[in-house]
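What follows is a set of notes on a single structure, which appears directly below.
Bear in mind these aren't lab numbers, they're just calculated from the coordinates by the rules spelled out. In this text the structure is predicted, and so the values were computed from the model without any measurement. Note that each Cβ is placed from the backbone with ideal geometry, even for glycine, and that neighbours are counted across all protein chains shown.
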Amino acid sequence: MKKLTLTTLTFAATAASLSAEQPADHLVFEGDPALPGKNKHVVLIAGDEEYRSEEAMPMLGQLLAKQGFKCTVLFSMDKENKFVNPLNHKSLSYPEALDSADALVLSIRFRNWPDETNGKFMAAFERGIPVVGMRTTTHGFKIKGSSDYSFLSFNSKSEKMRGGFGEQVLGETWVSHWGKHAVQGTRTIAEEANKEHPVLNGVESIFCKSDIYEAKPLEPSTILLRGQITESLESDSAIVTDGKGATLQPVAWTRSYKHENGNESKIVTTTMGSADDLLDENLRRLVVNGVFWGLELPVPEKADVEFVSAYNPTMFGTKTFPAIPNDPRVPYVKGRTPSDLISLEKGE
């Protein structure tokens, strides 16, 4: 019989409370109106088929609600709109939430939403709201067929957004893996000139199992962190200093994007951000800080990023890793509703 500790019981009670009366296809976490994030609505979008954003975003939504923000988490759903399915690139549940968004937190890859959904996304963005883009959001869109929003695609050659949303907004599109995927990890080091930036308040060195992406952020960008390649996926692994390890790639930066209508959006980009990367409290704090900074609110000196519900995410993966023959990991865990993802117990 599983022994229930006080912490386990607390998480279980919290999860039950948060799960009560949630919508079927998205999640809403109300913030405390007495806290700094009051009256601001953060929309978090999950949609990738490798890094478990469907597991990470509910956790981040709860953390941001703990700062006072109202948080809505949107997902890719199956055709019946019952279960989360990141492989359905055309799906974004409840896009109406974008109509009142004050900030966006994105963890998406190769999304191919209908034009009506893309229109809501762009209308929100063009209001000049801030964006925190994580990991594969640098190649977050792959619009297929005839569309008024093909310029969002990571391979866009449009004058409006050459290189798509990733390159022109976040500062980089997909380039390559710099470390060995699923073999080597990442440890960060602060950019000396920018180590006092508010987004780095309370942020110490971050360790991630996801490898480093090659990146050369579009100018002007302010590099906050660079990534050192680790020999393995163990947190105490040695740093690789030869070969690619001799050149440290940017893994977090800020910039701004000026819209044609004159509005301006503040942007925080990190190429880190798999669900298990976010076990590191410093990466969680970076994301929380990015929302505060983007909204031009005072950034906490050390934001409280302790988990609200149990958080034991699944290791990132696709059907197979070329580097690890016969690896059994799949793109996502099937048969889960958004409410099922509020709390992740061990073994899920």
Q) Quick one: Debye curve from the C-alpha atoms of region 126-202, no solvent, what's log10 I(q)/I(0) at q = 0.26 Å⁻¹? A) -1.17
Q.
Let me make sure I get this right: for region 207-348, a, b and c are the square roots of the gyration tensor eigenvalues over alpha carbons, sorted descending. Under 1.5 in a/c it's rounded, otherwise prolate if a/b > b/c, else oblate. Which is it?
A. oblate
Q. Could the peptides 24-36, 62-74, 262-274 be put in order, highest first, of the mean number of other beta-carbon atoms found within 10 Å of their residues?
A. 62-74, 262-274, 24-36
Q: Would you kindly calculate the translational diffusion coefficient of region 182-285, applying Stokes-Einstein with the Kirkwood radius from alpha carbon pairs, for 25 °C and a viscosity of 0.890 mPa s, and quote it in µm² s⁻¹ without decimals?
A: 171
Q: Note down the nm distance, to one decimal, between modelled labels 7 Å out along Cα→Cβ at residue 99 and at residue 196.
A: 4.6
Q: Mind sorting 146, 339 by how few other Cβ atoms lie within 10 Å of their own Cβ, fewest first?
A: 146, 339
Q) What number of lysine-lysine pairs in region 180-282 show an alpha-carbon separation below 21 angstrom, given a sequence spacing of 8 or more or placement on distinct chains? A) 10
(Q) Checking the a/c ratio against 1.5 first, then a/b against b/c, what shape does the Cα gyration tensor give for the chain? (A) rounded
Q | Kirkwood-based Rg to Rh ratio, region 248-321, C-alpha trace | A | 1.05
Q) Helix hunt in the chain: which complete DSSP H runs extend at least 18 Å axially by C-alpha with mean Kyte-Doolittle at least 0.0? A) 6-19, 281-294
Q. Can you tell me the Rg and Dmax of region 113-153, counting just the alpha carbons, in angstroms?
A. 10.7, 29
Q) If you rank 218, 106 by fewest surrounding Cβ atoms within 10 Å, what's the result? A) 218, 106
Q) What is the local net charge at residue 256, summed over the other residues whose Cβ is closer than 9 Å to its Cβ (Lys, Arg +1; Asp, Glu -1)? A) +2
Q) How would you rank 284, 52, going from fewest to most other Cβ atoms within 10 Å of each one's own Cβ? A) 284, 52
**Q.** Rg [Å, one decimal], Dmax [Å, integer] - region 71-168, C-alpha atoms
**A.** 12.7, 39
